[in-house]
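As structure tokens, the structure follows; a few thoughts come after it.
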Amino acid sequence: MTCENCTWSIKEHLAKVNGVASVSVSLEKEMAAVHFYPEEVSPQELQEAINDTGYEAELQGRRPCLQHKEDLHHPRIEEEGSELQSLLANRDELVSSRKGEGASEDTEGAGGSIEMVRFSSKDGSDEERATIKISGQNKYQALSSKSQEEKCVLRVTGMTCASCVATIEKTLVKHRGIRTALVALMAQKAEVTYDPDVMTPAEIREMIDDMGFDAEVLEEKNQGGIETLKLTISGMHCASCVKNIESLVMRIKGVTHASVALSTCRGEFKYNSSDAGPRAIIKAIEEAGFECKLATDEAHASTALQQQKTVKKWRNSFLVSLIFGLPVMATMIYFMIQKDQKENLILLPGLSLENLILFVLSSIVQFVGGRYFYVQAYRAVRHKTANMDVLIVMATLIAYFYSVVVVAVAMIKKDEGSPVTFFETPPMLLMFINLGRWLESIAKMKTSDALSKLMSLQPAEANLVTVGEELQVTSERSISVELVERGDILKVVPGGKIPVDGKVIDGLSAADESLITGESMPVYKKPGSIMIGGSINQTGTILMEATHVGADTTLAQIVKLVEDAQTSKAPIQQIADKIAGVFVPGILVLSSLTLAIWIAIGMTHPDLIPKQNPRGANHTTENTIQFSFQVAISVLAIACPCALGLATPTAVMVGTGIGARMGILIKGGEPLELARRLKTIIFDKTGTITYGIPRVMRTMVFVPISEISEEEFLAIVGTAEASSEHPLGAAVTRHAKEMLESDVVGKCSNFSAEPGYGLQCTVTKISAMLNAKMNKQNAQSGSEVTSASNKEANDPDEITQEDDSSIYEVLIGNREWMKKNYLDVTDEMSHSMTQYEALGQTAVLVAINGVIAGMITIADAVKEEAKLAVKVLKDMGLDVVLLTGDNKKTADAIATQVGITKVFAQVLPKNKVEKVEEIQLEGRKVAMVGDGVNDSPALVKADVGIAIGTGTDVAMEAGDIVLIKNNLLDVAAAIDLSKCTVRRIYINFFFAIVYNAVGIPIAAGVLAPVGLLLRPWMASAAMAMSSVSVVLSSLFLKFYKKPTYKNRVAAKENVPENV
């Protein structure tokens, strides 16, 4: 054995031997261990089986692994880390899967045993052999054959229609160990759920390869949090080097698996991303004296390359068919002009120059231009399935060999003339089909443009820096983005791409996030701002701390979600797949019936058979056979399950890609179908209709500006509330800082708060807060407004009452708090408070130095677009409902502001599901719109769950549709996109069904009596164009534009403006 392919070849060959339970082959040790049933196969037969594959095997030993049912033991391997350990760990599963075959009541003979036999190369040493010791006191108990399921994703190329999909799915699920198989034609992917104790992803890949398709494993979905690192390692010379690397890496905390292959110089390491990182693994290997680098991830990087190869393949096939097909057409046209058959040059009796030229050209096209169809058709037939390639091969072969036979018969009979043939059919049929496949592959490549653009956003490298205490950069180096770990400090220059998700720790800039969130305007970034990987840094240099890397980044999750959506199948697609599964056999039967029926008609009513060739023989039997074969071939050529199979996935792929570009992530075809049938939209309130955080809605100053300005009022209130732990107090302080552009507040002392009433305190030294804005404006000119605190530090005696020695005694609270402190609340003040409280806002009074100086209203503000979004949804004929856990007064106030009339208030999260069910029981399709925090059960229960979030804060798993931007108008846009996509799917199905329903009868000669007849090459051209037309129809979705809602209504109409 020289490589891993040798081991797989032996394993595959032995696995087919009757009686073999499992096989383990070690390339490095040159040994194989086989578990087998001795009543079915002997060690000598296993040795011969290996020798038959071209390798030399020598029997090293034979040990019984399991005794009779009464004495079944648990074997263990003494040699730690042996190649056979994992094999024997699954022994119980292997036995239980026999369903009692090895548990015979008969205590005699070997009928109830499994044995293990070892083979090695002839120079295998004793030290390399694993020894097995049978021990154990406990009786064996049969385990369930169902173990923990795992999934793997494979790229599958070579599929052309829904019949190919059905072939792969049906063949895979027949194998023991495979639970489910889902194949996506357009995405060229297969998602397989399998039993890891019985099957491996590599074996699944081989199964698909055996069917005639090319497959490679893209992803193995194992335990959460476990990531895989693949490295190319140089400098290894022997097995001890491999052992050394594996043992060193396994010592690193968080590493769960290390596997190094000497033959391929590759290493695969699995680690828990929360405990270990790729750089630690690379460092450990390099310190051991080896060189390593990241192995190129060809599985994900070659998607576009594979598509280009497919385009090139069909282009070359078309050119070959064209080069030899055009002379065929020219020859046919030339000899058709010759009216008298005697004018045709007869080279030999029965063989004309025309048929000789056509035979030569047709043979080249048949076996060169159509070679791909032969390979695919052979593999399909071998697995007892039929697809589009089978129809094409049968049509061309029947036409070709029919022509060869009739010419050969004519030559044997030494006829004076040469018979009419179909030599022109294969070249022209293959020419049009290859052209169609070429155009189809180009169009298919266009359908994944949006996903390709998303994937291209990920930069290849990141600038890793180390910083000092004051965030000054002390070192900088460029590393692969795959080596970035959580907590790394990264530098991003203007124009550079953000490598991973993180937060700004230094610098000011603006980021272009349009390709990720759909937000067209640059987003301002400052320290503490969230950065989304893949967005573009526009203006300033920033330092950021990585918070999400690898598969956890927003971009990676979006790409993954879109890929999964394009792999999933809509319910209507499943119907199409079932039709495609019986379509080809049905067409074969129909073609045979067409042949038989027309032959019968020709024998009984020869006058109904159209004359095939004015130069042909007048013999009615020959004319009947020629016509019958022609229409039978035309039926094979025109029938096309491809159009049916492409109708849904092409539209879903384009639609989901467009949605991703706009920040609307739709999880597959099922949500797309359901969204257009929605009748009721339920909105959660907090975080959905509202922003989810308290905001100052309005400030009112009751005293003259000569006594206290608005800025002073904000500075005093912001300083007082800075000492409060109440969420409303934090909102007031935040508002004051934003309005005054200050990062600091004044001094607060003697603070006390009384729950249910308010707070009181003493506020001083607010000048720094008041002067912050002016200082920033004068920073460039070098001037500065000196704060009172600075003056006090320089010369306390200079502080006057007008500067910063002012002392403010502050009271903030409700009416009762003011009355409790002997302050009079006037009717005007009370009326103003009542006015805003009716809108669901909290109104508090502010007293300064014994006078009620103003009022502040605070609320969880309604989103600006909420009212318009509700209006748009109602205009679309949808009922809109508000579902919240808040009190009825607040809920009604919010509902009134946005135009919702139906409100369910004071509903606990666990009871939201019941409300959704109540509406569903009325026969209405329901969508639940929420932020995925406390309404996840309702999102799942609804027919369509719509999770709404902001940037990285997206509940990816919470809903069927995920809106990246925190914009409620995207709810209407998602429904509109759904309707457009599903409408396009039905248009595609209409054309596909009508095409076959009309084309097949015409090809079968139904309209032949009135002179309308399709020759096979015409049928093939129509068939080729049908698939292309469906794909092009789906590409029309690319012109979809997000609706622009005119006559926008202000969200806070009839609400007094903020001061």
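Please count how many residues of the stretch 743-772 are part of a strand (DSSP E or B) and touching a strand residue (DSSP E or B) at 6+ places or on another chain (Cβ under 7 Å). Matching residues across the stretch 743-772 total 14.
What single numbered condition from (1) outside any helix (DSSP H, G or I); (2) modelled with pLDDT under 80 fails to hold for Ala462? That leaves (2) as the condition not met. Condition (residue is of a type in the set (D, E, K, R) and either under 22 Å from Ser452 (Cα atoms) or assigned to a loop (DSSP other than H, G, I, E, B) (or both)) applied to the stretch 533-550: is it met by at least one residue? No - not one qualifying residue is present in the stretch 533-550.
Here is a yes/no grid of residues against (1) within 19 Å of Gln188 (Cα to Cα); (2) under 44 Å from the mean Cα position of the chain (by Cα); (3) crowded, with 24+ Cβ neighbours inside 10 Å:
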site: Tyr374; (1), (2), (3): no, yes, no
site: Tyr378; (1), (2), (3): no, yes, no
site: Lys413; (1), (2), (3): no, no, no
site: Glu416; (1), (2), (3): no, no, no
site: Phe423; (1), (2), (3): no, no, yes
site: Met445; (1), (2), (3): yes, yes, no
site: Ala460; (1), (2), (3): no, yes, no
site: Asn463; (1), (2), (3): no, yes, no
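Summed over the stretch 746-781, residues that are over 15 Å from Val810 (Cα atoms) and either of a type in the set (Lys, Arg) or modelled with pLDDT of 90 or more (or both) total 2. Selection of the stretch 703-713 for residues being surrounded by fewer than 18 Cβ atoms within 10 Å (Cβ to Cβ) and part of a loop (DSSP other than H, G, I, E, B) yields Val703, Pro704, Ile705, Ser706, Glu707, Ser709.
Of all the listed residues (Thr890, Thr896, Thr857), the sole one being assigned to a strand (DSSP E or B), more than 33 Å from the chain's Cα centre (by Cα), over 20 Å from Val944 (Cα atoms) and among the hydroxyl-bearing types (Ser, Thr, Tyr) is Thr857.
Please verify whether the stretch 1004-1011 includes one or more residues that are surrounded by fewer than 16 Cβ atoms within 10 Å (Cβ to Cβ) and modelled with pLDDT of 85 or more. Yes - at least one qualifying residue is present in the stretch 1004-1011. Report yes if some residue within the stretch 657-679 is basic (Lys, Arg), surrounded by fewer than 24 Cβ atoms within 10 Å (Cβ to Cβ) and farther than 30 Å from Val898 by Cα; otherwise report no. Scanning the stretch 657-679, I find no residue that is basic (Lys, Arg), surrounded by fewer than 24 Cβ atoms within 10 Å (Cβ to Cβ) and farther than 30 Å from Val898 by Cα, so the answer is no. Taken over the stretch 503-528, the criterion of being more than 23 Å from the chain's Cα centre (by Cα) and within 23 Å of Ala660 (Cα to Cα) is satisfied by Ala510, Ala511, Asp512, Ser520, Met521, Pro522, Val523, Tyr524.
Out of everything in the stretch 666-715 that is in contact (Cβ under 8 Å) with a residue 60 or more places away in the chain and among the polar types (S, T, N, Q), what residue ends up being farthest from Lys560 (Cα to Cα)? Among residues in the stretch 666-715 that are in contact (Cβ under 8 Å) with a residue 60 or more places away in the chain and among the polar types (S, T, N, Q), the one farthest from Lys560 (Cα to Cα) is Thr699. Evaluating Ala511 against the criteria (1) surrounded by fewer than 17 Cβ atoms within 10 Å (Cβ to Cβ); (2) without any contact (Cβ under 8 Å) to a residue 40 or more places away in the chain leaves one unmet condition, (1).
Here is a yes/no grid of residues against (1) under 21 Å from Ala731 (Cα atoms); (2) in the same structural domain as Glu754 (by TED's automatic domain parsing); (3) at pLDDT 90 or above:
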position: Glu784; (1), (2), (3): no, yes, no
position: Ile812; (1), (2), (3): yes, yes, yes
position: Leu823; (1), (2), (3): no, yes, yes
position: Ala869; (1), (2), (3): no, no, yes
position: Leu878; (1), (2), (3): no, no, yes
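The set of residues in the stretch 655-702 that are hydroxyl-bearing (Ser, Thr, Tyr) and not in a strand (DSSP E or B) comprises Thr656, Thr686, Thr688.
Yes/no matrix, rows are residues, columns are (1) of a type in the set (Val, Ile, Thr); (2) at pLDDT 80 or above; (3) assigned by TED's automatic domain parsing to the domain that holds Leu674:
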{"position": "Pro522", "(1), (2), (3)": "no, yes, no"}
{"position": "Met531", "(1), (2), (3)": "no, yes, no"}
{"position": "Thr539", "(1), (2), (3)": "yes, yes, no"}
{"position": "Lys560", "(1), (2), (3)": "no, no, no"}
{"position": "Ala565", "(1), (2), (3)": "no, no, no"}
{"position": "Ala570", "(1), (2), (3)": "no, no, no"}
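Among the residues of the stretch 738-755, those that are in contact (Cβ under 8 Å) with a residue 12 or more places away in the chain, out of contact with any Lys or Arg (no Cβ under 8 Å at 6 or more places or on another chain) and exposed (fewer than 13 other Cβ atoms within 10 Å of the Cβ) comprise Ser749, Asn750, Glu754.
The values are calculated or read from the model by the stated rules, or taken from the named source; none is laboratory data. Everything numeric in this text was worked out from a predicted model, so none of it was measured. Here the Cβ is made from the backbone with ideal geometry for all residues, glycine too, and neighbour counts use every protein chain on show.
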